[in-house]
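Trainee: Please read through the structure below; I'll follow up with questions.
Here, each number is a calculation from the coordinates, and none is a lab measurement. Everything numeric in this text was worked out from a predicted model, so none of it was measured. Cβ coordinates were reconstructed from backbone atoms using ideal geometry, including for glycine residues, and neighbour counts include every protein chain displayed.
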Amino acid sequence: MPTFLFEAIDAATGQEIRDTVDAPNEAEAQATIRSMGYMITKIKAKKTKAASAPGARKPGRTFAMGGVSGKDLALFTRQLSILQDAGLPILRALKILSNMQKPGRLKNSLLDVCDEIEGGANLSEAMSKSPKAFDRLYCNMIRAGEAGGALEVILRRLAEFMERAQSLKRKVKGALVYPVVVVSVAVGILTFIMLKIVPQFKKIFDDFGTELPQMTQVLINISNFVATYWYLLPAIPFGVNLIIKGIKMIPYGRFGWDLFTLKMVIFGQLIEKNILSRSTRTLGTLIASGVPILEALNITRETSGNMMFENLFGKVSDAIRDGETIAKPLKIYSVPPFNFVALLFWTFFFPIVGALIYITRYKKPVLDDLVVNMVDVGEESGELDTMLYKVADTYDEEVAVLTESLTSLMEPLLIIFLGGAVGFIVIALFLPLIKLIQDLS
């Protein structure tokens, strides 16, 4: 029996009704709806999903791999918030934006969302069925906006949140472009010198049969090693990366790697402040949007991207269930436990002093007193979301300053490294030539 979707107004209460009714035809459906005391405003037959052949695509969809980039999702959210502010119905706004998208994952997901809404689902339910485009954070904020009747406000907050996250990510990536390019070019040039230039000088030295200085012999040994085992240059970092990924498949191993990255001498602060900025802004946005605190903490835990912070937010959530406030468990559980895998990573990457550095640093809390105090004040004043925003803004500024400082520091360090490497090669090659000239004279 066909199913009909209808929109109507309850004659007794004046409330708008959206529901379904089963009937042999549309006339019977209308009669059934009127018998319920409803005034019909819209009715149509519900589309049935036809069985499709394996691998067949729905109309308008294209093949797409991966997820949706943060930049594209932020732009879509901003555009959707503008259309909602203008008063457009959500389905019409989504269809307009889906037509504007390039073929890919986001366009496919928007078409699926439109189909779900036409089938009777609300926006959050429809988006939750496309997890590769709209994550749990996104769907929960949309659900909170629908429940509170302020979807346009929530979309605006969500767009601002995503734009700030993308801005911070661009700053960090932009700061890393220069050192990565310089190091890559330097490695390429030095490899060329070891493979092509040094062997030619070695032939000259062998023809003269002169005794080589120690520095020159070291350079020739390095050149011979590179020429013989050149395949190890890409294989060693690839192998180390593969081993790290294997260790991270075990929860204890992943916890150790995450602790190692947080405690690294220079980049650890940048990683830690970046996570704190993202986590506090996520939590503040969820609370401001009306998401319950336990649900907000669970979402923040899943989006933190670091197992130390996942455990921290999980402990805070458990403490709140037991009647505690947020600030107290934040301070207690922000001290990392000892992890043997983290000790191994320190020993491997810093063979001489790594273990000593880890033992002296591992008990340092991952949260500053600033975060705990601001959260405490926010709970006391009832302005927790505002305080979390202030913490996030503070850490955004610190990340920006730290990124600029690291970039400024990397430039002279790279110049010193390149100058030292080139100077060593030049001196090592010219010392035997000077000795040859002296012997001939």
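Trainee: Hey, how much of the P(r) for the chain falls beyond 38 Å, as a percent of Cα pairs? All intermediate terms of the calculation are to be shown ahead of the outcome.
Mentor: Numbers: 45100 of 97020 pairs.
Summing the P(r) tail past 38 Å for the chain gives 46 percent.
Trainee: Which pairs, out of Lys331/Lys363; Lys273/Lys363; Lys102/Lys171; Lys273/Lys390; Lys173/Lys363, put more than 19 Å between their alpha-carbon atoms?
Mentor: Working: Lys331/Lys363 13 Å; Lys273/Lys363 17 Å; Lys102/Lys171 26 Å; Lys273/Lys390 14 Å; Lys173/Lys363 30 Å.
Those over the limit are Lys102/Lys171; Lys173/Lys363.
Trainee: Next question, about the same structure. Can you list the equivalent-ellipsoid semi-axes of region 70-134, largest first and in whole Å, using the square root of 5 times each Cα gyration tensor eigenvalue?
Mentor: In descending order the semi-axes read 16, 15, 11 Å.
Trainee: Before anything else, pin down the relative contact order of the chain: Cα pairs under 8 Å, at least 6 apart, normalised by residue count, whole percent.
Mentor: 13 percent
Trainee: Which whole-number percentage describes the relative contact order of region 3-45, with Cα contacts under 8 Å and a sequence gap of 6 or more?
Mentor: Reported as a whole number, the value is 51 percent.
Trainee: To continue, here is another question. Which of the peptides 266-276, 165-175 is most tightly packed, and how do the rest follow, going by the mean number of other Cβ atoms within 10 Å of each residue?
Mentor: Ranking the peptides 266-276, 165-175 by packing returns 266-276, 165-175.
Trainee: Could you state the number of Å between the C-alpha centres of region 365-399 and region 256-300?
Mentor: So the two Cα centres are separated by 12 Å.
Trainee: Could you state, as a whole-number percent, how many of the C-alpha pairs of region 165-420 are farther apart than 32 Å?
Mentor: Cα-Cα pairs of region 165-420 separated by over 32 Å account for 39 percent.
Trainee: Around Lys171, under 10 Å between beta carbons, what's the net of Lys plus Arg minus Asp minus Glu among the other residues?
Mentor: +1
Trainee: What's the magnitude of the charge dipole for region 165-420 around its Cα centre, counting Lys and Arg as +1 and Asp and Glu as -1 at the beta-carbon? Answer in Debye, nearest 20.
Mentor: 820 debye
Trainee: Sticking with this one: Skipping prolines and chain starts, which residues have an amide H placed within reach, meaning under 5 Å, of the one on Asp19, given they are 5 or more residues away or on another chain?
Mentor: Amide H neighbours of Asp19, under 5 Å, 5+ apart: Phe6.
Trainee: OK, next. Where in region 337-378 does the label zone of Ile243 land, with the point 7 angstrom along Cα→C-beta and an amide N cut-off under 12 Å?
Mentor: The answer is 344-350, whose backbone nitrogens lie closer than 12 Å to the label point.
Trainee: Between beta-carbons, use under 13 Å as the cut-off and find the net charge around Asn99, counting Lys and Arg +1, Asp and Glu -1. Write out the running numbers ahead of the final one.
Mentor: Working: positive: Arg92, Lys95, Lys102, Lys107; negative: none.
Taking every other residue near Asn99 into account, the sum is +4.
Trainee: How big is the convex hull of the Cα atoms of region 3-45, per residue, in Å³? Write out the running numbers ahead of the final one.
Mentor: On the way: hull volume 2.2 nm³, N = 43.
In region 3-45, the Cα hull volume divided by residue count equals 51 Å³.
Trainee: Hey, can you grab everything whose amide H is under 5 Å from the amide H of Thr3? Only 5+ residues off in sequence or another chain; H modelled, so Pro and N-termini drop out.
Mentor: Amide H neighbours of Thr3: Lys46.
Trainee: Once R0 is set to 56 Å, what does the formula 1/(1 + (r/R0)^6) return for the Cβ-Cβ distance between Met36 and Gln79, expressed as a FRET efficiency to the nearest 0.05? Working shown, then result.
Mentor: On the way: r = 39 Å, r/R0 = 0.70.
For R0 = 56 Å, the calculated efficiency reads 0.90.
Trainee: Under a Cβ-only charge scheme (Lys and Arg +1, Asp and Glu -1), can you give me the dipole magnitude of the chain about the Cα centre, in debye to the nearest 20?
Mentor: On the way: 48 positive and 44 negative charges, 275 e Å.
The calculation lands at about 1320 debye.
Trainee: Enter the angle in degrees (range 0 to 90, nearest 10) between the Cα long axis of helix 251-262 and the first principal axis of the Cα atoms of the chain, meaning the one along which they spread out most.
Mentor: Approximately 70 degrees, to the nearest ten.
Trainee: Further question on the same structure: Using Cα-Cα distances under 8 Å and only pairs 6 or more residues apart, what relative contact order does region 165-420 have, in percent?
Mentor: 24 percent
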